1. Of all DSSP beta bridges located in the protein assembly as shown, what percent are antiparallel, nearest 5?
2. Please average, across the residues of A:293-304, the number of beta carbons from any other chain that are within 10 Å of each residue's own beta carbon, and give a whole number.
3. Using the Karplus curve 6.51 cos²θ - 1.76 cosθ + 1.60 with θ = phi - 60°, work out ³J(HN,Hα) for each residue of the stretch A:267-273 in order, rounded to whole Hz, and write x for Gly and Pro.
4. Under a cut-off of 13 Å between alpha-carbon atoms, report the aspartates and glutamates in cross-link reach of A:Lys70, not counting same-chain residues fewer than 8 places apart.
5. Tell me, how many Å apart are the Cα centres for the stretch B:47-84 and for the stretch A:300-361?
6. Restricting attention to the stretch A:155-201, which trypsin sites (Lys or Arg not before Pro) occupy a DSSP loop and are surrounded by at most 12 other Cβ atoms within 10 Å?
7. Which entries in A:Lys40/A:Lys83; A:Lys324/B:Lys49; A:Lys3/B:Lys49 show an alpha-carbon gap greater than 26 Å?
8. In what sequence do A:Trp100, A:Trp80 fall when counting other Cβ within 10 Å, fewest first?
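Just so you know, all these numbers are worked out from the coordinates, no wet-lab data involved. Please read all numbers here as calculations on a predicted model, not as lab measurements. Cβ placement follows ideal geometry from the backbone for every residue including glycine, while neighbour counts extend to all protein chains displayed.
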Amino acid sequence: MAKISYERPVITKLNTGTMNKFGTRTEFAPVTHIDGVSVKKLIADYGSPCFVISERTIRNTYRNAVRAFKTRYPKVQFAWSYKTNYLNAVCNVFHQEGSWAEVVSIFEYEKALRNGVAGEKIIFNGPDKSEEDLIKAVENNSLIHIDHSDELYMLVEVLGKIKKKARVAIRVNMDTGVYPMWDRFGFNYENGTAWATINKIFAHPELELVGLHCHIGTYMLTAHAYSVATSKLCDLAINVKYRYGKNIEYLDLGGGFASANTLKGSYLQGGDIIPTMDDYAEAITSTILNYGFKMDELPTLFLETGRALIDDAGYLLGSVIAIKRLSDGRRATIMDFGVNLLFTSFWYNHRISPAQEISSQTEDMVLYGPLCMNIDVVRESINLPLLNKGDQVVVHRVGAYNMTQWMQFIQMRPRIVMIGMDGTPHVIREKESLDTMLRYERLPEHLEKIG
Amino acid sequence: MRTEVRTTANMNINKNIAISETGFVFNPLTGDSFNTNRVGQEILRQLQKGASIDDLYKHLTDTFSVDKATAEKDLADFFMVLKSYQILIEV
Ligand SMILES: Cc1ncc(COP(=O)(O)O)c(C=O)c1O
């Protein structure tokens, strides 16, 4: 007689009448394919864990964002926020779609240049620009976004030495009604520092103030904050026009649009509460259009959107290393990926799906990573179908920040694969090896031998 | 009246546990109800009949496509959960 197929015994207590604080999830359907490519095959070919990026999703997401803005406002320019994901393959998809580059270090700046982005299409943000960095940016005619007055004075000094002019903007911080307020970067609007800095810039003919910039925060849950930010930038621009007769060429609203990930502590799924791209676009563009610029003097709208353009396109594939029971009775599942690869699990409850057909039984569990470290918790509590050693899972919406903020800690970093428009997977970053690590180590001679 | 059946050297199952065909389990001792899967139901029924641990392994490996090592590991784990729900009672 054929034996009945086995599934490990489980028993779950039924709680009637109490709300499940983890929210009810019915997303247990297995995700067996990404863009038509089998997850099983991806893991067989590229290893577990491995990151997968969908080129199709990037392009679709980008085109939707462009549509949301361009159908409302005539002059829109996106600049890809390199720090969000600076893999060349990813950057070049955005550049092919027409995006400029937004960088915050000379490392990112040079990466953008090597990717073929013209110097004048690079926005150089951030508090850390050395004299050499500034010279390079000036020579390439890049847009220098000044963060603090030390940078302003250094730039004036540099320009004196090399006898050149620079195209600059200032970063403005402000109260948008969202707290904590990001006042660490740039010049404050409310206390007049931003306006005073603008006046200083106009006192230096070698500086041309072409734009005004802000980045009011990240994962902004209200589109209204952008209306406030936009009107404050518009106010500065109109005052510049009034006082100096100069048209500000662009307003750069930075990044900060939320992706559909669910924040920790949120009872509702991210996708149900975040504003849509159209909501953000409406808030920003209607504010500019109604502000009082002459139609032929409307500034170009720059956007440095990061996570909202790339989160959805990234997946992390992984496998179950072991399952165990904690002393308090909770189920624990140990995965082969942890906070080393999933930096964003510190603030998101990432959606995780099984990658194979599953039982109808589910259980609550804590998901641990492979690091021999207490901090390595991917999900403190998640309800998933029964998982067994070797089972594979797909983590969703991991495209932003993970592939730049990941740590080489205890484990080496795995491959990243991009599935092209025709469904062909391409390795876009090789996995690290012991040699990768040792390449940068040096042993003093007296420590070469240990015995 | 005895309401517990000896299962292992030091654990008894609460005999009044009710198990339905669909895997619905009720513990009259605590008033809690549970849901269990096919293998879980089988184990509870065998325990109610007074099966020993060895009987259980044999029954599981005869009935289901599972090897003894896996059955042992899973049973040990399952017993911990049953204890925490007071379905199994330590004596
Ligand atoms: C100056 C600047 N622009 C854009 C971004 C991208 O932000 P987000 O990913 O929230 O869209 C950041 C991120 O911190 C930033 O600092």
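1. 55
2. On the way: counts 0, 0, 0, 0, 0, 0, 0, 0, 0, 0, 0, 0.
Per residue, the number of nearby Cβ atoms from other chains is 0 on average.
3. In residue order, the calculated couplings are 6, 9, 5, x, x, 8, 10 Hz.
4. A:Asp278, A:Glu282
5. Distance between centres, Cα-based: 32 Å.
6. Values: sites: A:Lys161, A:Lys163, A:Lys164, A:Lys165, A:Arg167, A:Arg171, A:Arg184, A:Lys200; in loops: A:Lys163, A:Lys164, A:Lys165, A:Arg184.
In loop regions of the stretch A:155-201 (DSSP not H, G, I, E or B), the sparsely surrounded trypsin sites (Lys or Arg not before Pro) are A:Lys163, A:Arg184.
7. In this structure, A:Lys40/A:Lys83; A:Lys324/B:Lys49 exceed 26 Å between Cα atoms.
8. Details: A:Trp100 20, A:Trp80 30.
Starting with the residue having the fewest Cβ neighbours, the order is A:Trp100, A:Trp80.
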